[in-house]
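Since every read-out is calculated from the coordinates, none of them should be taken as a lab result. What you see is a predicted model; the values in this text were computed from it and never measured. Backbone-built Cβ (ideal geometry, glycine too); neighbour counts: all protein chains shown.
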2 protein chains.
Amino acid sequence: MTRPTKIHPERGDARTRLLEAARDVIRQKGFAATSVDDLCQSAGVTKGAFFHHFKTKEALGVAVADHWAETTSALFAEAPYHEPDDPLDRVLAYLEFRRSIISGETFEYTCLVGTMTQEVHESAPAIRDACAKSIFGHAASLQADIEAAKAQRGIDADWTAKSLARHTQAVLQGGFILAKAAGNPDLARESVDHLICYVRQLFGLETVSSAPAEREN
Amino acid sequence: MTRPTKIHPERGDARTRLLEAARDVIRQKGFAATSVDDLCQSAGVTKGAFFHHFKTKEALGVAVADHWAETTSALFAEAPYHEPDDPLDRVLAYLEFRRSIISGETFEYTCLVGTMTQEVHESAPAIRDACAKSIFGHAASLQADIEAAKAQRGIDADWTAKSLARHTQAVLQGGFILAKAAGNPDLARESVDHLICYVRQLFGLETVSSAPAEREN
């Protein structure tokens, strides 16, 4: 794929184009397999432009994790799941929203920072830390609603809002891996369905369909 | 498969040493960042020996996923979680066993085939398919116990044993990503704790600690 050299102001500046190319190419090929040449070609910029904006490929890795955190934060801030008055309804609407955006090509619905963390957790601590900031920062954004839902419904449990918020992210990340393995987004949706069922149970909205039978042994 | 002359019998043959090196180095650096030289150095074999056993690095990727499936299947087959007579006890013992083996260095407890899937899902379908076989094959090994537990306890639910078995693997895979991001295995254990709580709830062993309060709106 050859893209014309710049001259397309509607595609944004070179730095933004490189970040958007990195976001998509890394989700398709992984960080290590994505070369600077790949990114320049995909973004339609020169190698000189790349190194003008990013000293190294690792610096690009940190910048694209930060860019992911900023753009996904904006997406989630504007999403309709904040609308319900009831905090538990907001938590469940968040999970339904996450389920609803699992569609399209694999790279389109999977997570850049989960993908990069998996690869560079030991070899590039600066990228890993930027990914962690994105993952745990997003988890933290759910915590207040879970805490409010616990308080409002008088749930006195031994799980914390912080741990449940993190667990929601673990389920999403793991669902993406199964979806990648199978080449099928249904596998990610299936795990989100189990997560929704779990959260409903934690708040007393679901019970087992049949009373447990007497144990035979 | 031809076995080479054994120079280091105590370390196994060259092919096995290369597979064990790949298992550990890929979990540390990822597949793309792991070079054939890295593997030869780590395994103490020559490049000639590498290409005697594996035509390409991709062939090594498929072989190490298969090796992972075989060795982990043996580990799980011998694990004590099969001992309880009660099928639900076996399911819960499996989850406790998975929790108990999350310790040590990150590469030691995380999953080779989850890591490789994340990277090569688009670029190396043969490796991805070998990883999928390992992940979904292991999930299938849990299905009979979950099915038996459902039948024995009279659970008439809209979730299937197959989907719950897959969900357990999604939670583990996602927990590993959070643990890698934080450099802390507690994050993976935390998600397994939520999973255990979920399974106990599905089978009526847990209820919410307090009755849900009246909703205010």
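Key figures for this structure:
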| quantity | calculated |
| --- | --- |
| Within the range A:178-197, backbone nitrogen closer than 18 Å to the virtual label 7 Å beyond the Cα of B:D129 toward Cβ | A:179-184 |
| Amide H contacts of B:F54 (H built 1.01 Å from N, under 5 Å, at least 5 apart or other chain) | none |
| Mean separation of Cα contacts under 8 Å, 6 or more apart, over the residue count of chain A: relative contact order % | 18 percent |
| Karplus (6.51, -1.76, 1.60) ³J(HN,Hα), θ = phi - 60°, over the range A:129-145, in Hz, Gly and Pro reported as x | 5, 5, 5, 4, 4, 5, 5, 6, x, 5, 4, 5, 5, 8, 5, 4, 5 |
| The range B:62-202 - charge dipole about Cα centre, Lys and Arg +1 at Cβ, Asp and Glu -1, debye rounded to 20 | 280 debye |
| ³J(HN,Hα), Karplus 6.51/-1.76/1.60, whole Hz, each residue of the range B:45-62, x for Gly, Pro | 10, 7, 5, x, 5, 4, 6, 5, 8, 9, 4, 9, 5, 5, 4, 4, x, 5 |
| Selected from A:L205, A:Q173, A:Y94, residue furthest toward positive end of dipole (the range A:94-217; charges at beta carbon) | A:Y94 |
| Calculated SAXS-style log₁₀ I(q)/I(0) at q = 0.09, 0.10, 0.21, 0.22 Å⁻¹ - the range A:61-202, Debye, Cα scatterers | -0.28, -0.34, -1.38, -1.46 |
| Rg [Å, one decimal], Dmax [Å, integer] - the protein assembly as shown, C-alpha atoms | 23.0, 76 |
| 3J(HN,Hα) from dihedral phi, the range A:34-41, Karplus parametrisation 6.51/-1.76/1.60, rounded to Hz, x for glycine, proline | 8, 8, 4, 4, 3, 5, 4, 5 |
| Over 21 Å (Cα to Cα) - which of A:K180/B:K180; B:K29/B:K180; B:K47/B:K133 fall in this group | B:K47/B:K133 |
| Mean residue ellipticity (222 nm) of chain A, computed from DSSP H runs ≥ 4 via -39,500 (n - 2.57), nearest 500 | -22000 deg cm²/dmol |
